[in-house]
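Here's the structure we're looking at; comments come further down.
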Amino acid sequence: MNFVGSHILSVSQFDRPAIERVFEVADQLEPYAKRQRVTRVLEGAILGSMFFEPSTRTRVSFGCAFNLLGGEVRETTEMKSTSIAKGESFFDTARVLSGYSDVIVMRHEIEGSVAEFASASRVPVLNGGDGANEHPSQALLDLYTIRKEVAAHGKNIDNLRIALIGDLKYGRAVHSLCRLLSLYNNIEFILISPPELALPAHYIDGMRAAGHRVIESSELQSSIGKADILYVTRTQEERFPSPEEASKYKGLFRLNQSIYTEYCEPNTVIMHPLPRDSRGNANELDNDLNENPNLAIFRQTDNGVTIRMALFALILDVVNDVDKYARDVNWYTDKRFK
Ligand code: NCD
């Protein structure tokens, strides 16, 4: 895969060497992500950050990643503050905004919208999530996190046993992660969801065709015992026909410390793309897990910055220049990253 000048729209663009390249660059950039070093390699460059759907982590971490490489971020966060609200097409908006930016990240509720926008853009476009379809940068940071977490227990991604829990129908993070994991060998996927929110059949067919084992279940406790990773997700209520419909599925699977202790093997890693829904009727990942050393959710969010820095460095072709424009950090950082 040639990263330079490329759009990143789907995980289907990646093969294993491409993933390894992203991870290698991420490892190289970690001292910058952790504020041990500062680089100005993208000084003068502008990221157009266009989020037409709610976002905290993806929007802010893409922005931070660009800032940490020395670039500036110009944000458009609401549809009603853009000319799309006046009937402007994606084509026109893309032609215009790509003249103001060196690279664009976009999130939109319509599946395929980011690809449509990219086809008219004069600069590379990264998909920050298009409806229930894909979330490629999330899948890369999840896989990078999985790799690090299981390596600490002497394992690697091949032969992984992963339980994916919750709304597997609408969860784009799960969709992209399943496709990336399918590039590895001998994965056991344990899909835990209500039948109505099962992973769409074409994903399962693809996983089986790639030689992986797929088990479907609608029961949490009896299904998590052999997993290396529990990947918990939120009911994607914004994709349901009504809030009442979504509320039927909230709170069906709740992972907490007592269930973890009773049913999981020691060192089972707990992940979630976040946000977790901490309201009483949902609470799929209880706060009583916060002190559990295997709760990797905040390591995931930290890794998100590193992975997004790697994508920018590769796409804008500055990987070999990062250190040339670097210096040590000159402010207090001791306690921020242990
Ligand atoms: C996810 C998303 O937006 O798809 N969040 C994220 O980007 N980290 C998952 C979610 O919203 O539940």
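Rounded to the nearest 500, the helix-only mean residue ellipticity at 222 nm of the chain stands at -10000 deg cm²/dmol, with each DSSP H run of n ≥ 4 adding -39,500 (n - 2.57).
Measuring from label point to label point, each 7 Å out along Cα→Cβ, what is the E188 to N156 span in nm? Using points 7 Å along Cα→Cβ, the separation is 2.0 nm. Only Cα pairs under 8 Å and 6+ residues apart enter the sum, and on that basis the relative contact order of the range 1-137 stands at 28 percent.
Between R299 and K226, the distance separating the two model label sites (each 7 Å from Cα on the Cα→Cβ line) works out to 2.4 nm. Over the chain, Cα pairs under 8 Å with separation of 6+ residues give a relative contact order of 21 percent. Between the helical axis of 57-68 and the longest alpha-carbon principal axis of the chain there is an angle of about 40 degrees.
Can you tell me the dipole magnitude for the chain around its Cα centre, using point charges on the Cβ only (Lys, Arg +1; Asp, Glu -1), in Debye to the nearest 20?
580 debye
Computed extension gain for E291 through D15, at 0.36 nm per residue and net of the alpha carbon distance, reaches 95.8 nm. Remark on R37: its backbone amide H falls under 5 Å from those of Y32, V329, a criterion applied only to residues 5 or more positions apart or on other chains, H modelled at 1.01 Å from N. Take the cross-link list K226/K250; K148/K324; K34/K226; K34/K86; K155/K250; K34/K155 and give me the ones stretching past 31 Å between alpha-carbons. Beyond 31 Å between Cα atoms: K34/K226; K34/K86; K155/K250.
What ranking of I104, I270 emerges when the number of other C-beta atoms within 10 Å of each C-beta is taken as an exposure proxy, fewest first?
Ranked by crowding around the Cβ, least crowded first: I270, I104.
Fully extending the segment from N267 to S6 would add 90.1 nm, taking 0.36 nm per residue of separation and subtracting the current Cα-Cα distance. Under the convention that each Lys and Arg Cβ holds +1 and each Asp and Glu Cβ holds -1, the size of the dipole of the range 103-203 around its Cα centre is about 320 debye.
Seen against the Cα atoms of the chain and their longest principal axis, helix 136-151 is set at about 60 degrees. With 0.36 nm allotted per residue and the present C-alpha distance subtracted, the R239-S218 stretch has 5.5 nm of extension available. Considering only A163, A201, A326, the mean-square fluctuation computed in a Gaussian network model of the chain, springs between alpha carbons under 10 angstrom, is largest for A201. For GluC sites (Glu not before Pro), the sites in the range 201-271 that DSSP calls loop and that have at most 14 other Cβ atoms within 10 Å are E219. Placing R0 at 51 angstrom, the Cβ-Cβ distance between R208 and S258 gives a FRET efficiency of 0.90 after rounding to 0.05. Where a ≥ b ≥ c are the square roots of the eigenvalues of the C-alpha gyration tensor, would you call the range 136-298 rounded, which needs a/c under 1.5, or, failing that, prolate if a/b is larger than b/c, or oblate? Oblate is the answer for the range 136-298, as a/c is 1.5 or above yet b/c matches or exceeds a/b.
Each reported figure results from applying straightforward, stated rules to the coordinates on display, with no laboratory input. Computed from a predicted model, the values in this text were never measured in an experiment. Note that each Cβ is placed from the backbone with ideal geometry, even for glycine, and that neighbours are counted across all protein chains shown.
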